[in-house]
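The structure under discussion appears below in the form of structure tokens.
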Amino acid sequence: MKIYIYLMVLAGGLCLLSCDRDEFLDITPKGLIIPTKASDYRLMLDQVDSQGASVGFYNSIDDDTYLSDELKITDDDALVGPTRYSENDINNYLWKDNSVINPEQNDLDWNRMYNQIFNSNVIINGLVDAEGTEAEIAQLDAEARVHRAYAYLLLVNMYARHYDPTTADSDLGVPLRDDERLDGSLVRATVQETYDFILNDLSESFINVLPDVSDKKIRPSKASAYAVLARTYLYMGNFDLALDFADRSLGLYNAVTDLTTLPGSPFSFLSPDLVDLPAYHETAELLLAKGRVSVSFKPQELSDAFLALFELTNDVRYKGIFARDFVPPFQIVVAYDGQLEAGLRLTGPTVPEMMLTKAECLARNGNITGAIDLLNELRVYRLTTPTDLSYPATADEALTIVKEERAREFILKGHRWFDIKRYNAYDNANITLTKSYKGETVSLPPGDNRWVRPINRKLNEMNPELELNPQ
């Protein structure tokens, strides 16, 4: 049975409706547009709000926020109040399965990513018969594939073991869907099959039709597609190809936002050094707009370990973004995005990510000078009084320095949880996380099943073929 997808243009967004073919063979529903032209599919891909963010493809994952070691949850209610953290936050913080504790709990990360995959499939398959030039249709198809690949990259790293070439053919990945059916199989592909799917969507034959750089941050380009490829190969431990694609991306676009020259924030009454970050669609260094939206006006307290990483009075990534809590009793330093009025946190690929990916790969290849020079180049835009990092004696030391800079640059931007997983997998880093809350202390050692996020049990009850992750 063929499914028809209709577009309804409503106040800043698009609604998707599905109907049986037989009901609408000869009738165009009033107020609805049946996508038949390339321009219709452009509307579906863009789905923008008044500031240029795609409400269809912008949303990224959120549940990793409390999983890593970047944040802490203070258990003194007198400091933060009993309603600061949701039950979901606390359970994630302690690596517990929310769907066991609350059987009605939805997994919004899973839903968001598969919604984007569904929409991508509708576009990719619908374009086959769409009216438009060959160039238009090819570009729209490629854009949808980049969005689909990005969604699968997040899913496989959240809900599967980290990529290991010796076990990827047997480790469970995530269900792969390339059609718009709502009743298809949810049998999980392997991790290798999932990565193969991602790499196919990002193959040169598709990327080559994209513009080098897009004039809209929500639209994929060669530069952003290469960046997603660089991240994919970094997660796979293929550092030569990660370096290659990071270089390709930087060769097309290399603008970096100078945080040290930004004006003061309208919220400087919370902290005098807060800066006014540009709106996400005006952020020069952003390659593709992806981000969290659930952090709006939600103070998050940095862990002691991450506070110790920063030069507190010199690094704008700290003093320009963190502030005193504006919720009484105003006693703790909390993490915002620096864009309090927007309530967003960008997690999509950026130029600094490509610089740090390149630096990491150079360090791993023994190019100490090249790796440290890239860090010093980036730090000019981050420190009010930058001083050059010295060249260490060994490549291992250089790699450690790169990892620390990466942790500072990507604070709360969706990288740390995945980074710890790959450091444990490829570097034998032996990182164990330990957290305490209200008298309960929990540790997460390397190799523990809880490094893989649980698949919601409600999904398994509705779709028994969807195998759960062991916990």
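The values are calculated or read from the model by the stated rules, or taken from the named source; none is laboratory data. All values reported here derive from a predicted model rather than from experimental measurement. Ideal geometry is used to build each Cβ from the backbone, glycine not excepted, and the neighbour counts take in all protein chains shown. In case anyone asks, the SASA skips ligands and DNA or RNA and just uses the protein heavy atoms, side chains included. Shrake-Rupley method; radii C 1.70, N 1.55, O 1.52, S 1.80 Å.
Between the residues Ala149, Leu172, Asn125, the greatest Cα displacement towards the positive end of the dipole of the range 70-212, with unit charges on the Cβ of Lys, Arg, Asp and Glu, is found for Leu172.
Projecting the Cα atoms of Ala393, Ala371, Ile455 onto the dipole axis of the range 368-471, where Lys and Arg carry +1 and Asp and Glu carry -1 at the beta carbon, places Ile455 farthest toward the positive end. Straight-line cross-link reach from Lys217 at under 15 Å between alpha-carbon atoms covers these aspartates and glutamates, not counting any fewer than eight positions away in the same chain: Asp46, Asp49, Glu143, Glu282, Glu285. The listed residues Arg181, Arg450 rank as Arg181, Arg450 when sorted by accessible area, largest first, using a 1.4 Å probe. Per-residue 3J(HN,Hα) values for the range 139-156, derived from phi via the Karplus relation 6.51 cos²θ - 1.76 cosθ + 1.60 with θ = phi - 60°, read 5, 4, 4, 5, 4, 4, 5, 5, 4, 5, 4, 5, 4, 5, 5, 5, 4, 5 Hz in sequence order (x marks Gly and Pro). Among residues other than Arg112 with Cβ under 12 Å from its Cβ, the summed charge is -2 (Lys and Arg +1, Asp and Glu -1). Its DSSP H runs of at least 4 residues, each contributing -39,500 (n - 2.57), put the calculated 222 nm mean residue ellipticity of the chain at -11500 deg cm²/dmol, to the nearest 500.
Taking amide hydrogens as placed 1.01 Å from N in the peptide plane, the amide H of Thr350 sits under 5 Å from those of Leu287, each at least 5 positions away in sequence or on another chain.
Coordinate range of the alpha-carbon atoms in the range 189-291 per principal axis, descending: 51, 29, 24 Å. Solvent exposure of the range 73-169, expressed per residue, is 38 Å² of accessible area, with all protein chains present and a 1.4 angstrom probe. Solvent-accessible area of the chain (1.4 angstrom probe, protein heavy atoms only): carbon and sulfur portion equals 51 percent. The stretch between Leu312 and Val100 holds 72.3 nm of extra length on full extension. This uses 0.36 nm per residue minus the Cα-Cα distance. Using the alpha-carbon atoms, what tilt in degrees (0 to 90, nearest 10) does helix 222-236 show relative to the longest principal axis of the chain? The two axes meet at around 70 degrees.
Rounded to the nearest 10 degrees, the inclination of helix 108-126 to the longest alpha-carbon principal axis of the chain is 40 degrees. Protein-only accessible surface at a 1.4 angstrom probe places the residues Met113, Met462 in the order Met462, Met113, largest first. Under the convention that each Lys and Arg Cβ holds +1 and each Asp and Glu Cβ holds -1, the size of the dipole of the chain around its Cα centre is about 480 debye.
For the range 103-254, the dipole from Cβ point charges (+1 on Lys and Arg, -1 on Asp and Glu) about the Cα centre works out to 460 debye, to the nearest 20. Amide H to amide H, with H built 1.01 Å from N, Arg345 comes under 5 Å of Arg292, counting only residues 5 or more places away or on other chains. Residues whose amide H lies under 5 Å from that of Gln300, counting only those 5 or more places away or on a different chain, are Ala335; hydrogens are built 1.01 Å from N in the peptide plane. The loop-placed GluC sites (Glu not before Pro) in the range 99-175, going by DSSP, that have at most 13 neighbouring Cβ atoms within 10 Å of their Cβ come out as Glu104.
Here are some pairs, Lys421/Lys458; Lys403/Lys458; Lys216/Lys403; Lys413/Lys438; which of them have Cα atoms lying more than 29 Å apart in this structure? Cα-Cα > 29 Å for Lys403/Lys458; Lys216/Lys403; rest within.
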